[in-house]
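A quick write-up on the structure given underneath.
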Amino acid sequence: MNTTKIIQPWIFYFKAFLIVLFSQFVFAQNTSIKKIEAENVEIISIDGNQLFMIEVMTSNLKEFKITSIVDGEYENNYQIISSLDENTLNIKLERVAFAEIEDDKRNAHKVIDAKLLLEIPKKMNLSIISDIASVQLDGNYNTISIQLRQGYCILNGSSKTTSINTIDGNISVITEEADVRAISNKGSVNVYPYNLKTSIYSLRSINGDISVRRPD
């Protein structure tokens, strides 16, 4: 018995559309990976303005691995730049082209979707400031200083001294031991009653909730 399978035209065009859409998605992002030797570096300072997400994790490696992903309408006009200044590694998003871009800070996230993934050695001093970014930290640090306007902050790890301040975002800390000083003007505060208090955590938010607990 001879059978013939008829492919409807709309199925062919739909599959072609999906292939084109997927290809555009894959190649739409501007991704770069950079490695820097950690010799003499003690401080990582991140100017996170206009970054959407910042993720930092510590490892046993003796180098820094910086992965940046820039997406959006003007992805080719911006790049995450790193520079060394004595014992400090500075990282920020910079405009690298001169195309006309509307000067409207409220719409910045609509044309630039920038994400920073950072892998660093343990026991470093970390400082981050940002207007819109959320921050996720994993691992062991010496000191942490975080200043955020809109985003949230999640810390899963440890630090000798930690200062986290947000305006709208929640603060979540998961750590083995802590001496916690937490204040939220309009949000809720839940802190585990630690017995061991060798590390100091100063946490403050205007509108966000604050949670501090032990690992599961």
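The values are calculated or read from the model by the stated rules, or taken from the named source; none is laboratory data. No experiment lies behind these values; they were computed from the predicted model shown. No Cβ is skipped: glycine too gets one built from the backbone with ideal geometry, and neighbour counts run over all protein chains shown.
In the list Q50, Q8, which residue meets the criterion of being loosely packed, with under 10 Cβ neighbours inside 10 Å and modelled with pLDDT of 50 or more? Please lay out each step first, then the result.
Numbers: Q50 fails: loosely packed, with under 10 Cβ neighbours inside 10 Å.
Residue meeting the stated conditions: Q8.
Just need a number here: residues in segment 176-198 that are of a type outside the set (F, W, Y) and farther than 23 Å from G151 by Cβ.
If we filter segment 176-198 for residues that are of a type outside the set (F, W, Y), which is where we start, we get 176-191, 193, 195-198.
If we keep only those that are farther than 23 Å from G151 by Cβ as well, we get 176-177, 179, 193, 195-198.
The total comes to 8.
Any idea which residue in segment 35-59 is nearest to the chain's Cα centre (by Cα), counting only those that are farther than 12 Å from L84 by Cβ and not hydrophobic (A, V, I, L, M, F, W, C)? Talk me through it step by step, then tell me what you get.
First, the residues of segment 35-59 that are farther than 12 Å from L84 by Cβ: 35, 46-59.
Keeping just the survivors that are not hydrophobic (A, V, I, L, M, F, W, C) gives 35, 47-50, 55, 58-59.
Numbers: K35: 18, D47: 11, G48: 8, N49: 11, Q50: 11, E55: 4, T58: 14, S59: 17 Å.
Among residues in segment 35-59 that are farther than 12 Å from L84 by Cβ and not hydrophobic (A, V, I, L, M, F, W, C), the one nearest to the chain's Cα centre (by Cα) is E55.
Within segment 170-202, restricting attention to residues that are more than 18 Å from T58 (Cβ to Cβ) and among the β-branched types (V, I, T), which residue is surrounded by the most Cβ atoms within 10 Å (Cβ to Cβ)?
Result: I171.
Which ranges mark the strands (runs of 3 or more DSSP E) fully within segment 123-197 that have 2 or more residues being of a type in the set (D, E, K, R)? Talk me through it step by step, then tell me what you get.
Details: elements: 125-130, 134-148, 153-166, 171-174, 179-184, 189-191.
Once the strands (runs of 3 or more DSSP E) in segment 123-197 are filtered for at least 2 residues that are of a type in the set (D, E, K, R), what remains is 179-184.
Could you identify the single residue in E94, E100, E55, E119 that is part of a loop (DSSP other than H, G, I, E, B) and either under 21 Å from N30 (Cβ atoms) or at pLDDT 90 or above (or both)? Working first, answer last.
Working: E94 fails: part of a loop (DSSP other than H, G, I, E, B); E55 fails: part of a loop (DSSP other than H, G, I, E, B); E119 fails: part of a loop (DSSP other than H, G, I, E, B).
Result of the check over E94, E100, E55, E119: E100.
For D216, which of the numbered conditions (1) assigned to a loop (DSSP other than H, G, I, E, B); (2) at pLDDT 95 or above fails to hold?
(2) is the only condition that D216 fails.
Every residue in segment 181-216 that is in contact with a Lys or Arg (Cβ under 7 Å, 6 or more places away or on another chain), over 14 Å from C153 (Cα atoms) and β-branched (V, I, T), please.
Within segment 181-216, just I183 meets the criteria.
Filter segment 150-169 down to residues that are surrounded by fewer than 17 Cβ atoms within 10 Å (Cβ to Cβ) and either within 15 Å of the chain's Cα centre (by Cα) or hydrophobic (A, V, I, L, M, F, W, C) (or both) and give me whichever is farthest from I200 (Cα to Cα).
Looking only at segment 150-169, we keep the residues that are surrounded by fewer than 17 Cβ atoms within 10 Å (Cβ to Cβ), and these are 150, 156, 160-161, 167-168.
After this cut, where a residue has to be either within 15 Å of the chain's Cα centre (by Cα) or hydrophobic (A, V, I, L, M, F, W, C) (or both) as well, the list is 150, 156, 167.
Working: Q150: 24, N156: 15, I167: 21 Å.
Selected residue: Q150.
Have a look at A114, A133 and point out the one that is under 22 Å from S45 (Cα atoms), among the aliphatic types (A, V, I, L, M) and at pLDDT below 95. So that I can check it myself, show each step before the final result.
Details: A133 fails: at pLDDT below 95.
It is A114.
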